[in-house]
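A quick write-up on the structure given underneath.
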């Protein structure tokens, strides 16, 4: 066993020190002061431009990551601890064992801008074109811009007299809800419209709530844009029918968007959006036609790669990829559906801040977390700086230092996100207007962003939401659980009857990996890869002491 220790607490905590930094867990740019003493303490400066003394649950627990009991502090090779000499030797063996076209370099969130550039340079040094963005959350499509869209400032949000929110913006970025509610209650003429497939708490603040069919937000938005601008040549009634709402509702919303300064905010996450690129583009189109400013809310913006994720996944499944280097702060198997393909690579090297829940084949390398390194980045509202609040875990090495041991790396710029024209955006959205077709015993399963689930700190997300009528139809009682089975997994849940979801729809939290396993990765000709709502079969089962059970990922 290598001679490595966890962070030296005595060295780190001999004197109290405070560091003012920016929270790294979403793009809102909230400032916090982290004080290191016997324990890390989070403070929220009242003079912060964005959060003004507030912080969301995710940011409130950010410092817990620093001393999380599952922090990875030494390399793991096939689940066993090894020293860095053996780890680097394995990396060199992997490089030597594969041709450039058989090697893939993947990067995901948790890296600084400079680290991403270094990873791009590493791919070039290896001679491979298989450079892949491994962050496939739907919100990454907000970096694709529609020609003519205007990015919102905080002042734009606060001064808006009509606010249109698509998806659960308040849960995605809780602190950003503050200025939106300020605008909503600024005067009696202010209006808020919410478009979503689930009646979340956010919908309770809306003057108008359009509850659309799961995955049809883009169709609804196109209908609003067509109502604002008949010159688009789009049948708004057809869009309304696809979304399951009335065309008069669309025209009413369009009329509200002529009420003074407007702001359009959009959010999406896995299991909730069928076509993420179209969702992003149509949100922006409404903003353009309403003369509004726009912002897409999410956790990260990670540049697109030279090879699509779906292409990478296809090649690794067919045995065309022998070696995978995956760099980021989180272990890459956030998507259980990828596992059947990923294990086919003879050589796998990943970087991580956490130990995996289960032993994984290949090599896992410990790296500093975002709270342990200096970086510059972006927020919704402008540039931000992040400063380290602690020393890295003993044994962790920066990504750039690891790459320098393996190749002569020259940092390279990433490929900028493409800009779309209105004509192309409308055309591709019209081609995706279709509803989910369910069998008599099937439901549509949606994903929800509930409590922030960093490393299992919060709710276990072991319950499923269902309407009271559907609960009665299935004959559920207080002692029954519900077993869900999709094409990729199965799981058992406690039942929560609610009015938040429509008939025929179920909802589970998607922070837990066992729940993510129910949502298949779908290859999309336009978006590349998507994680849409899933079709599931629901079966009543007696509750047991061990319920709910772990999901079982299906390997075909």
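The values are calculated or read from the model by the stated rules, or taken from the named source; none is laboratory data. Because the structure is predicted, anything quoted here is derived from the model rather than measured. Glycine gets a Cβ as well: all are built from the backbone with ideal geometry, and neighbour counts include every protein chain shown.
Residue 426 fulfils the conditions (1) at pLDDT below 85; (2) under 24 Å from residue 267 (Cβ atoms) except for a single criterion, (1). If you go through region 206-248 and keep only what is more than 20 Å from residue 269 (Cβ to Cβ) and in contact with a strand residue (DSSP E or B) (Cβ under 6 Å, 6 or more places away or on another chain), you end up with 207, 208, 245.
Entry remark, region 233-254: residues being within 23 Å of residue 191 (Cβ to Cβ) and in contact (Cβ under 8 Å) with a residue 24 or more places away in the chain number 11 in total. Considering only region 271-311, how many residues are under 30 Å from residue 100 (Cβ atoms) and part of a strand (DSSP E or B)? So the count comes out to 1.
None of 417, 390, 359 is assigned to a loop (DSSP other than H, G, I, E, B) and in the same structural domain as residue 308 (by TED's automatic domain parsing) except 359. Residues that are touching a strand residue (DSSP E or B) at 6+ places or on another chain (Cβ under 7 Å) and in a loop (DSSP other than H, G, I, E, B) were ranked within region 249-270; the one that is modelled with the highest pLDDT is 257.
From the list 188, 129, 213, the one residue that fits, being under 24 Å from the mean Cα position of the chain (by Cα) and in a loop (DSSP other than H, G, I, E, B), is 213.
Residue 422: crowded, with 18+ Cβ neighbours inside 10 Å, out of contact with any helix residue (DSSP H, G or I) (no Cβ under 9 Å at 6 or more places or on another chain) and closer than 30 Å to residue 283 by Cα, yes or no?
No: the conditions fail for residue 422.
Say we look at region 322-336 and pick out the residues that are modelled with pLDDT under 95 and in a loop (DSSP other than H, G, I, E, B); which of these is nearest to residue 370 (Cα to Cα)? Per the stated criteria, the residue is 329.
Of the strands (runs of 3 or more DSSP E) lying entirely inside region 480-543, the ones with 1 or more residues being surrounded by 20 or more Cβ atoms within 10 Å (Cβ to Cβ) and in contact with a helix residue (DSSP H, G or I) (Cβ under 7 Å, 6 or more places away or on another chain) are found at 490-497, 505-509, 528-530. The residue that is nearest to residue 44 (Cα to Cα), counting only those in region 62-81 that are out of contact with any helix residue (DSSP H, G or I) (no Cβ under 7 Å at 6 or more places or on another chain) and buried (at least 21 other Cβ atoms within 10 Å of the Cβ), is 71. For the condition farther than 22 Å from residue 274 by Cβ and modelled with pLDDT of 90 or more, residue 470 does not qualify. Every condition in (1) surrounded by fewer than 14 Cβ atoms within 10 Å (Cβ to Cβ); (2) out of contact with any strand residue (DSSP E or B) (no Cβ under 7 Å at 6 or more places or on another chain); (3) at negative phi holds for residue 382 except the one numbered (3). Being closer than 21 Å to residue 392 by Cα, out of contact with any strand residue (DSSP E or B) (no Cβ under 8 Å at 6 or more places or on another chain), surrounded by fewer than 23 Cβ atoms within 10 Å (Cβ to Cβ) and not assigned by TED's automatic domain parsing to the domain that holds residue 253 is a description that applies to residue 109. A residue that is closer than 30 Å to residue 133 by Cβ, at pLDDT 90 or above and under 18 Å from the mean Cα position of the chain (by Cα) occurs somewhere in region 485-508. Yes or no: region 141-164 includes at least one residue that is assigned to a helix (DSSP H, G or I), without any contact (Cβ under 8 Å) to a residue 12 or more places away in the chain, assigned by TED's automatic domain parsing to the domain that holds residue 285 and more than 15 Å from residue 403 (Cα to Cα). Yes - at least one qualifying residue is present in region 141-164. Scanning region 129-144 for residues being under 18 Å from residue 321 (Cβ atoms) and crowded, with 23+ Cβ neighbours inside 10 Å gives a total of 6.
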